[in-house]
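Below is one structure, written out as C-alpha cells; the observations come after it.
None of the figures in this text is laboratory data; all of them are computed from the coordinates on show. Quick caveat, the model's predicted, so the values are computed rather than measured. A quick note on method: Cβ atoms are made from the backbone with ideal geometry, for glycine too, and the neighbour counts reach across all protein chains shown.
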C-alpha cells in the first residue's frame, strides 16, 4: 500500500450540513470517527494509525465530525439536535453505499459508534477506543467538563486537564461556539443495549486513561469483546503506534 490520504471529499448530511471525509488505502471499508476537539488528520493520519490499518488491506474512511476539521461549523442551535453526529455517521455510510464494513471511534467517536449501533448501524466489527463504560452510560459528566472548558477559555490554570484541553483546541483551531453545540447532541446509551451488541468488539484504552470511566468494565459488559491496553493517558495514547497496530490486528483477524 503506497500513497497518502485522498483529497478531502464532502457530502450534505441529513439536514444539509456539509461533512468532510478523507480515505486511505483499498479493500474492506472501515469508518473511523475521531475525538472531541480533534479531526481525522490529527486522530488517525498524523500518528500512522490509518496507514497501519490500510496496510492490512483496508479502505480507511475518516470523516471530520460536525463542527470539527474541514466539516461545517454552524453556530445555529438548530444545527445541533440530539444524536446529530450519529445521523451524520449514518448519512456517510448511506452516501458511500456501505453494507459490509467495520466501524470504530476514539473518545467522542467511540460514543458515536455506540449511538450508531443503537440507531441501526450493522458493521461487522466495532472498535471502542479511549472510552469506558461510564462514558457511554452517562454523557453528562464529560459534557459539563467540556462546557466548563469552552466557556472559560483563557482562565484555566497551567498544567491542569482543562488547560491541556484548551491547548489542544488551539492546535486544531477549534471553533468554541460550534463545539459547545456538539455537547447538546450527546445521548446516553443504556446498559441493556450494550449487553445486546452482537458484533465482535475491541475495547482499547491507554493504561492511564480514566477520563471516560473504566474501559475494562465496558469490555466486560459487551457480549463479545476483547480489552487491549496501550501506553499513555487520554491525550497521549492516541499518539502511540500501539493504538493503530492493535486496531489493525483486530480488524484483520
Q: Return the only residue of 188, 192 being on the phi < 0 side of the Ramachandran plot, part of a loop (DSSP other than H, G, I, E, B) and surrounded by fewer than 20 Cβ atoms within 10 Å (Cβ to Cβ).
A: 188
Q) Which residues, counting only those in segment 221-243, are in a helix (DSSP H, G or I), surrounded by fewer than 21 Cβ atoms within 10 Å (Cβ to Cβ) and either touching a residue at least 40 places away in the same chain (Cβ under 8 Å) or within 16 Å of the chain's Cα centre (by Cα) (or both)? A) 221, 239, 241
Q | Which numbered condition residue 217 fails, given (1) touching a helix residue (DSSP H, G or I) at 6+ places or on another chain (Cβ under 6 Å); (2) touching a residue at least 60 places away in the same chain (Cβ under 8 Å); (3) closer than 14 Å to residue 111 by Cα | A | (3)
